[in-house]
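The values are calculated or read from the model by the stated rules, or taken from the named source; none is laboratory data. Quantities reported herein were computed from a predicted structural model and do not represent experimental measurements. Neighbour counts run over all protein chains shown; Cβ positions are idealised from the backbone, glycine included.
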Amino acid sequence: MPQTRVGVFVCHCGNNIGGVVRVPEVVEFARTLPNVVYAEDNLYTCSEEGLSSIKSQIGEQNLNRVVVASCTPRTHEPLFKEACEEAGLNRYLFEFVNIREHCSWVHAHEPAKATEKAKELVKMGVAKACYLEPQEEFESEVFPAALVIGGGISGMTAALSLAGQGVDVHLVERERELGGLVRRVRTLFPTEQDTAEVLGPLIERVEKNPQITTYLGSEVEGVEGFIGDFDVTVASDGAASELKVGTIIVATGAQELKPLELYGYSQLPNVVTQLEFEEKFKRDAEIPRNVVMINCVGARIPERTYCGRFCCTTAIKNAIWLKEQDPDASVYVVHRDVMAYGVDIEEFYRRAMELGVRFLRYDIDDPPQILGEGRAEAVKVQHQLMGREVVLPADLVILTTPLVAQEGSEKVSKMLKVPLGSEGFFLEAHLKLRPIEFSTDGVFVCGSARYPSNISESVSQAYATAVKAAIPIEDGFVRVEAITAYCDEWSCSACGNCVEVCPFGAIELQEGRFGTTAHVNVAQCKGCGCCVAACPSGSMQQRGFDDRQLLSMISALAEEMTGGAGSP
């Protein structure tokens, strides 16, 4: 067995680490550790210069293990693994030590203690690295088809983009028509184009595309499998269709909040939501002379803390439309704040004021009141700027409400094993790094299913998901990172604990050489380690995090703390 030769590379990360941790001192300490034959510091280890140094030292020093102590592994670990691989070293013989978040950032005012902690973490990383073993990544075939759940703007855009890349698409829509929530909108912002002019051609392209199979009035009833091999059950008019797809896009959209028991909604006939107003006044209806819009109804409150993002835009758009239909109409927008973000919306806001739309600000602790019996006749509001109460005559009261999570989101969440956020919308893997992906591989999200999104945002996200979903299909296979769990069949007692705790359904009991034992589907396993923790016999282990490796880290820390000798 070749001698273990470890190289340690400690990063200053500019002042992020070097401004607190005494990096040269950590490097000198690393040189004293067992099996460390080389150690150096870099200003930025992730730079081309730093990566080149790692690659060159692997060759010059004959390193067979590499430890990098720097910032978060979430962004930089793949970069360092690729550098090792380019130098001829198996990427799984690399260990990452985070001394930015774990040392310099959390102990910014204690440089001496931060330095000592960095030394301890490096010692633990080196101890683990000595027990790392080369791993081979598993490849799994991908079925060349995709499922899109939801036939709104984002769902249709994603389906057309996938079809344009040569991918067969199954598009499942719960309603009897394509178009989603946008179908109920009169005109679009900022072009003021009639919705039918945009939706009509888009729907026609979907329906005529030979690579898109559309299921209207249908719902996804079940999903089993993993990336590349999903088995999907679609229920349509009492019949079930069984589909096989490689990737899935969730584009289920959102729905308008119905503000029951607020401002007389559902009791007073002339109190409606913005979407109901647009539906009613698509046709040549008589325009009311006195209109009051109340913004932030059901939003930015303890029960629903988020801002609807484009609710103000909708109110401004409809206020302008009313003034254009009847310049003498009295139109008031009663608001808490006007969220006019972006140049286009700001221009719309100014245009509304120029046309005579009046904006009145109210306080959440003193909300507007509806006056009248049987129907709304006026709105009483405490005018914050004037400092007095005003009464606004109202032939029509329009409530501006936010989008809320689509009905049935929880069911989809459980089927696909993807999370929901606190507001009920689907929760992406990472807001910045993986904004349209789930932690479940092969499943993506776009549009208002993810969060209230306007049309341009929904279309952009749809294109992004289509590209992501097409990549494994185009490749024909997916490579699974070798951090998956495995079972020592000889010692497995088939207790089933691992099966019960696995959040991804990756483990099942099967007959093997030693009778019934646990079997891990590596394509489904995400390396969370739940099964390892639940196994009473220690039969379940995880590649890159087995007992020897983790216990060696604990032993190294204990030795550092006690000054004695430890062994894994």
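Checking each residue in the stretch 285-321 for being free of Cβ contacts under 8 Å to residues at least 40 places away in the same chain and buried (at least 24 other Cβ atoms within 10 Å of the Cβ) picks out only Ala319. Restricting Val182, Val169, Val148 to those that are at pLDDT below 95 and in contact with a Leu (Cβ under 7 Å, 6 or more places away or on another chain) reduces the list to Val182.
All of (1) outside any helix (DSSP H, G or I); (2) at pLDDT below 95 hold for Ala518 with one exception: (2).
Here Gly200 passes the criteria (1) over 20 Å from Val445 (Cβ atoms); (2) part of a loop (DSSP other than H, G, I, E, B) except the one numbered (2).
Among residues of the stretch 378-398 being in contact (Cβ under 8 Å) with a residue 40 or more places away in the chain and outside any strand (DSSP E or B), the one that is nearest to Val333 (Cα to Cα) is Ala394. A search for C-beta distances below 6 Å between a residue of the stretch 171-186 that is surrounded by 19 or more Cβ atoms within 10 Å (Cβ to Cβ) and any residue that is of a type in the set (D, E, K, R) and modelled with pLDDT of 95 or more, counting only pairs 6+ apart in sequence or on different chains, returns Arg174/Glu219. Check the stretch 435-448 and report whether any residue there is under 25 Å from Glu95 (Cα atoms), assigned to a strand (DSSP E or B) and touching a helix residue (DSSP H, G or I) at 6+ places or on another chain (Cβ under 6 Å). Scanning the stretch 435-448 turns up no residue that is under 25 Å from Glu95 (Cα atoms), assigned to a strand (DSSP E or B) and touching a helix residue (DSSP H, G or I) at 6+ places or on another chain (Cβ under 6 Å).
For beta carbons closer than 7 Å, sequence separation of 6+ or different chains, a first residue in the stretch 412-423 that is free of Cβ contacts under 8 Å to residues at least 24 places away in the same chain and aliphatic (A, V, I, L, M) and a second that is loosely packed, with under 15 Cβ neighbours inside 10 Å and assigned to a helix (DSSP H, G or I), the qualifying pairs are Leu420/Glu410.
Checked against the criterion of being in a strand (DSSP E or B) and farther than 21 Å from Gly155 by Cα, the candidates Glu276, Glu224, Glu192, Glu261 yield just one match: Glu224.
May I ask you to verify whether Val20 is assigned to a loop (DSSP other than H, G, I, E, B), closer than 21 Å to Glu101 by Cβ and touching a Ser or Thr at 6+ places or on another chain (Cβ under 9 Å)? Yes, satisfied. Within the stretch 331-343, at least one residue is closer than 23 Å to Arg184 by Cα and either touching a strand residue (DSSP E or B) at 6+ places or on another chain (Cβ under 6 Å) or not in a loop (DSSP other than H, G, I, E, B) (or both). Just one of the numbered conditions (1) touching a residue at least 24 places away in the same chain (Cβ under 8 Å); (2) outside any loop (DSSP other than H, G, I, E, B); (3) of a type outside the set (Val, Ile, Thr) is not true of Gln510: (1).
For Leu216, the criteria (1) without any contact (Cβ under 8 Å) to a residue 40 or more places away in the chain; (2) surrounded by fewer than 17 Cβ atoms within 10 Å (Cβ to Cβ) hold in every case but one, which is (1). Within the stretch 94-111, none of the residues are crowded, with 17+ Cβ neighbours inside 10 Å, more than 34 Å from the chain's Cα centre (by Cα), among the β-branched types (Val, Ile, Thr) and not in a helix (DSSP H, G or I).
Scanning the stretch 437-454 for residues that are among the hydrophobic types (A, V, I, L, M, F, W, C) and in contact with a Gly (Cβ under 9 Å, 6 or more places away or on another chain) gives Cys446, Ala449.
Per the listing Ile345, Ile398, the residue uniquely within 30 Å of Ser456 (Cα to Cα), crowded, with 19+ Cβ neighbours inside 10 Å and touching a Phe, Trp or Tyr at 6+ places or on another chain (Cβ under 7 Å) is Ile398. For the stretch 408-430, a residue qualifies if it is hydrophobic (A, V, I, L, M, F, W, C) and surrounded by fewer than 17 Cβ atoms within 10 Å (Cβ to Cβ), and exactly one does: Leu420.
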